[in-house]
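No lab work stands behind these numbers, since they all come straight from the coordinates. It should be emphasised that the depicted structure is a prediction, and the values quoted were computed from it without experimental measurement. Here Cβ is always computed from backbone atoms with ideal geometry, including for glycine, and neighbour counts include all displayed protein chains.
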Amino acid sequence: MSFPLSLTKFVGSGMTSQRARDRLAARLQAQGIGAQTVLDAIRFTPRHVFVDEAMATHAYDNKALPIGFGQTISQPYIVARMTETLLASGALDTVLEIGTGCGYQTAILAQLVGHVYSVERIALLSVNARRTLAELRLKNISFHLSDGHWGWAEHAPYAGILVTAAPETVPQALLQQLRVGGRLVIPVGAQQSVQQLHCITRQSLTEYQTQLIDTVSFVPMLDGVI
């Protein structure tokens with residue numbers, strides 16, 4: 001994937017430089033991320049352009065950062081772990097992302113899959129993410145302003161679904177929009193309780209297999225559009 005790195009804000013400097021991205025990728029590899037394609041996507045994606053300028057010097061710390069509206073850009077390790085889990089069975093042609101947020105996870109996915117269909121419930125976050133991703137020349141993304149619990153039935157079934165906020169239970173619409181053989185990677189649990197990252201594989205029209213991946217902490221998956 002070729003980003004317009006001639007633009008100063010994408011090149012970065014000091015704590016936002018390519019060297020900072022290289023160090024982040026190395027830390028993630030040391031933590032157990034083994035998929036080289038995922039590590040390369042992390043290495044080449046300028047995370048600092050997805051956060052407020054005041055937070056840019058912390059962009060390559062391995063931690064979640066606020067992006068407004070009570071939302072966060074996920075910890076890089078979690079982004080890498082979820083992406084690696086989603087792609088564990090091979091390349092995917094279509095992926096539904098629930099929770100565009102600032103667009104960082106979207107950017108990682110767009111470098112690794114055929115097409116990303118991304119749903120966001122907060123209009124201003126969606127607008128800002130679209131602008132940033134367009135500047136990065138990522139063209140294989142479609143955006144939708146909607147309640148994430150509903151998924152995006154128009155383009156279903158999907159080879160993979162990745163959810164970046166935690167519902168208390170897995171939405172049935174997402175299970176139904178998953179292709180047979182496809183994977184749904186989703187954090188599940190109330191915000192004040194232990195949340196578990198699930199990988200759910202659709203075995204047949206009526207059967208699903210669930211694997212617990214890790215203990216995580218995500219913002220809650222809320223209803224409605226704002």
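Data overview
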quantity	calculated
Listed residue (Val113, Leu124, Ala88) projecting farthest to the positive dipole end of the range 82-165, Cβ model	Leu124
The chain - share of DSSP beta bridges that are antiparallel (%, nearest 5)	45
Amide H partners (placed H, <5 Å) of Thr72, local residues excluded	Ile67
Calculated percent of Cα pairs over 29 Å apart (choose from (i) 23; (ii) 35; (iii) 19), label	(iii)
Filtered trypsin sites (Lys or Arg not before Pro), the range 125-196: DSSP coil and at most 12 other beta carbons within 10 Å	Arg137, Lys139
Cα-based helix-to-principal-axis angle, 76-86 vs the chain, degrees rounded to 10	40
Angle in degrees between helix 18-30 and the longest Cα principal axis of the chain, rounded to the nearest 10	40
Principal-axis tilt of helix 123-135 within the chain, Cα atoms, nearest 10 degrees	60
Contact order relative to length of the chain, as percent, for alpha carbon pairs under 8 angstrom and 6 or more apart	15
